[in-house]
Amino acid sequence: MVLEKINGPEDVKKLSVEEMKTLAAEMNDRVVQKTAVHGGHIGPNLGVSEMTIALHYVFNSPIDKLVWDVSHQTYPHKMLTGRKIGFEPGHYDEVMPYTNPGESVHDFFNVGHTSTSIANAVGLAKARDMAGETGNIIAIIGDGSLSGGLALEALNNAAQLKTNLIIIANDNQMSIDKNYGGLYENLRELRESEGQAANNLFKAFNLDYKYLADGNDIERLISLFQSVKDIDHPIVLHINTEKGHGWQPAIDEKRRFHWGGNFDPKTGKDLSPKGGRSWGDLVPEYLGKKIDAGEKVLAINAAIPGILGLVEFYEKYPDNYWDAGIAEQFTMTFGGAASTVKGVRPIIFHNSTFVQRAYDQLMHDISMNNEPAIVVVAGVSINSADSSHQGSFGTGWLSTVPNFVYLAPTNETEFTNMMDWAIAQHEKPVMINLPQHGLTSTTTSSLKDFAKPKYDIVENGADVAILGLGGFFDQAHKVSDELAKSGVHATLVNPLFIRELDTATLDKLAETHKVLATFEDNTLDGGFGQRVASYLARKGVKVLNFGALTEFVDEIPTAELYQKYHLTPELASADILDALK
């Protein structure tokens, strides 16, 4: 095996072209074997094995700096820079899924979000020149990332440099799903004309440009990179690659094998257990019923339709769907403006870790203009994701946006009631957090009007009141059951509202209980619990807040985080009993 001989980039430089081809196949096999059982990005990594080998053959990392966009295509890079152990059975958790400077001198940024590489590279290049240093700065961007606003801003600024900067546009004709927008039409024109089309996005930014038709050919890649090594001005290398290259299932099903796991590494057959009903089933079903009933619903998404079943939706209702590509900011301003037209009901779907990219548009465009858009946020939870895809910050910072009615259903019925109300009203923007622990819960509120906050008292008790927000209502219920073992029968509350407080209910609870405990599937800072505690500070009642600390966590098991944050029924009930003393 060639990979066995590779312990760093210097070993790549000793290989023949035939050995490099063998190395690419071996790395691809490691990618498939690992992701089949561990999960991860498949197609993006398979598509750049040859490119990565050629980069390390021609350039001298880390003096020459490779700056990866999203960095979800860096498995080959990691294997060539001393981290191949992380792709061997029994060691899959020993490397992070994205670039990490703490892991290797060949990584320069912690990054798992899109459209960042060119801006990072321009910053490194400018600082290199000011410090009087040398070396090539190479930004690699692809998988739909060029449509992000930051990438376009960076291209505009890159042209100001008069020194070395190499930008690789890895054009695999895909994002996470299919690409949308005029930018990708221009890339198609350039591919079809072998880079000769008069209309050229990159030249419009006053950047030099070269095109390579076969971006999975190692010899051609090496020749291209050698031709621009130590170049004295910014240049874009537009390289046409094949997403999933080297493994037929990933070539045939590019969307499915962008990211995934639990599949047969030989055939690609899905080995996942068949689960019950999910949000991916409910959301398209709900939207379809509304459209069939005559509602002018517009579902808006930023390149991740698979997370909530929107792939099936747009295939059936193409005129009621808008995919903006990786452009979260645009979806907010676009959807907010559309909501001001009478009868049109835009619903903007996002994942918590990506919606943070659109904070200004939530604040300045939708909120300040009081536009009655509806924003549905998935993935707000304390979980074992990597730090760049951490969903536990959501409610804290989203709660700082005024005007929104911010809601937390515990189950399908409550979500449906909230959506029905949000679509019918036109006075306020509405945001809804999807609970991340399934569609069902041990309770269902009958509330159908959410214009004013009103909590649901599910069980009446004494001394202790427990408020379990959204997806954590069931966790709060488990704590209540644990307290009952010690003879404490708690009042159990489903708050439903995240930002707005039902002060009348809180006042009554403070009068009749000694301790109030809040539970939220989120960081505590700026969250629901702190709002409750702040309001009740002068009421003479103890308030305990249970949730996560404001910190980055990298793939720490959820059970371990629950222990750390005292979110288990045993630890939480012990804290509550101690507060009662």
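Rule-based calculations on the coordinates, nothing more; no lab input. Owing to the predicted nature of the structure, the values given are computational and were not obtained by experimental measurement. Don't worry about glycine lacking a Cβ; one is built from the backbone with ideal geometry, like all the others, and counts go over all protein chains shown.
What to note about this one:
- Short-range pairs are left out: with C-alpha atoms under 8 Å and at least six residues apart, the relative contact order of segment 1-153 is 24 percent.
- Cα extents of segment 456-580 along the three principal axes, largest first (Å): 42, 33, 23
- Nearest 10 degrees, 0 to 90: helix 149-158 Cα axis against the chain principal axis: 40
- For the chain, the longest principal axis of the alpha carbon atoms and the long axis of helix 473-484 meet at an angle near 50°.
- Rounded to the nearest 10 degrees, the angle from helix 117-131 to the longest Cα principal axis of the chain is 60 degrees.
- Segment 293-315-segment 326-378 distance, computed between alpha-carbon centres (Å): 15
- If you take all other residues with their beta carbon under 14 Å from the beta carbon of residue 569, and give Lys and Arg +1 and Asp and Glu -1, the sum is -3.
- Violating pairs (Cα-Cα greater than 28 angstrom) within the set 162/254; 65/243; 428/478; 210/316; 14/229: 162/254; 428/478; 210/316
- Centroid-to-centroid separation of segment 535-549 and segment 450-464 [C-alpha atoms, Å]: 16
- Which labelled figure in [x] -0.47, -0.61; [y] -0.42, -0.55; [z] -0.57, -0.73 is log10 I(q)/I(0) by the Debye sum over Cα atoms at q = 0.07, 0.08 Å⁻¹, once derived from the coordinates: [x]
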